[in-house]
Amino acid sequence: MTPNTEWKKVIFSLISAAAFFLVCIISIIGIDGMSGGYALAFVSFFLAVSGLVVGLLFVTRARAMDAILADPSPLVHWNYPEAMMQETVEREYKEFQSRNHVMFLVIGGMLGLVALFFLLFVSDGGLETALVLLAFAALLFFTSRLTPWLERRRAGAAPREAVITHRGVVYCGTVYPFRSFLVSFEGASFHEPRRKTPATITLSFSQLVGQFIIRPFALAIPVPVGEEDTARQVVRDLGGKVPE
């Protein structure tokens, strides 16, 4: 059974909050305010509050994951063959890498053009600004290459399991509640198998990332061979439509 690692995140967040709060107290007591004590206290207090808020968010995720894993009658519970999951991990890695490459070309290209403008047409501080922009582009390139690799490493070591209930989904060790703070479930759909990919259940979510900014995202759950009819019924149970 998939372990609930969300509780570890709760503990880490709360320990971090306590540590930053301790730094805040020490800054107020032991450092002169005008010598940086007030600034350090303010920053550490902000980080302590942030850690507490993140810990509370992880508590809701951990409880949701406990409820999903403990459901006596889930809509579906699949254990994937190792070969199938390896193919899925590699396919998702290449797609992630491709998306990041395109994003870097767009953003990195814009940074390069702006850096070139400062280098050629701005005499006072133009060189320094151009170097900062190019350094930021280099950092962006490194990040675009690193994040897919980290995700592939995480997915490669994750449990080969999917559990779907009316409360949410636990897929490869990660929980996706259908109703949680800032995230809501939008719908489900079934996609027939294609030449190189198995059938999938696609779950659509929306996430509030700003005061008026909603970011949609989707989770594609591969369907084991022979479980296509079960997957179609799961989509119907979740209120989705299945092509006839």
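Points to keep in mind about this one:
- Selection status of F45, over 16 Å from V175 (Cβ atoms), assigned to a helix (DSSP H, G or I), touching an Asp or Glu at 6+ places or on another chain (Cβ under 7 Å) and not assigned by TED's automatic domain parsing to the domain that holds P177: no
- Residue among A155, A138 that is buried (at least 16 other Cβ atoms within 10 Å of the Cβ) and either modelled with pLDDT of 90 or more or in a helix (DSSP H, G or I) (or both): A155
- Any hit, the stretch 159-175, residues being of a type in the set (G, A, S) and modelled with pLDDT of 90 or more: yes
- Pick from the stretch 50-89, criterion surrounded by 14 or more Cβ atoms within 10 Å (Cβ to Cβ) and among the hydroxyl-bearing types (S, T, Y), ranking: nearest to L182 (Cα to Cα): T60
- Search result, residues across the stretch 109-130 that are in a helix (DSSP H, G or I) and without any contact (Cβ under 8 Å) to a residue 12 or more places away in the chain: G109, M110, L113, F117, L119, L120, F121, G126, L127, E128
- Positions within the stretch 158-197 being farther than 22 Å from G226 by Cβ, crowded, with 16+ Cβ neighbours inside 10 Å and of a type in the set (S, T, Y), in sequence order: T174, Y176, S180
The values are calculated or read from the model by the stated rules, or taken from the named source; none is laboratory data. Here the structure is a predicted model, which is why all the values come from computation and not from measurement. All Cβ positions, even for glycine, are placed from backbone atoms using ideal geometry, and neighbour counts span all protein chains on display.
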